[in-house]
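Take a look at the structure below.
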Amino acid sequence: MNRKHFIGSALTSAFAISTFSKNEIYNEEETVIPLLPNYLKAGDTIGITSPAGYITVEEIQSAITVLKLWGYKVLVGNTIGKKDFTFGGTDDERTNDFQQMLDNPKIK
């Protein structure tokens, strides 16, 4: 499967899943009002992890610098800098790191 086809399929799937979500609000006319996350603001924490490919801290340092200049706090995950073949750590390491980011209430 080529990358363009995969991305298109992933976007279509994400849209289809979101339309069946039970996390919706209805107004008086029974029209669905989608729930939107809050915008990021200065002082919020952004988590950076590597759920797929290998990347080093040096390669993301410029992004970290810019995010900090914009007023965000940055939390770098355990998988940044880890390598298992072409991946950012083993499957378990990547899963655990991503789950920790999702579970952390400080990360927006």
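Here, each number is a calculation from the coordinates, and none is a lab measurement. Keep in mind it's a predicted model, so treat the numbers as computed, not measured. Ideal geometry is used to build each Cβ from the backbone, glycine not excepted, and the neighbour counts take in all protein chains shown.
In the range 34-108, what is the count of Lys pairs whose alpha carbons are under 16 Å apart, counting only pairs at least 8 residues apart or on separate chains?
Eligible lysine pairs with Cα atoms under 16 Å apart amount to 8.
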Summed side-chain charge close to Trp70 - residues other than Trp70 whose Cβ falls under 14 Å, Lys, Arg +1, Asp, Glu -1: +3
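Using alpha-carbon pairs under 8 Å, 6+ residues apart, how would you state the relative contact order of the range 47-90 in percent?
55 percent
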Amide H partners (placed H, <5 Å) of Tyr72, local residues excluded: Gly43
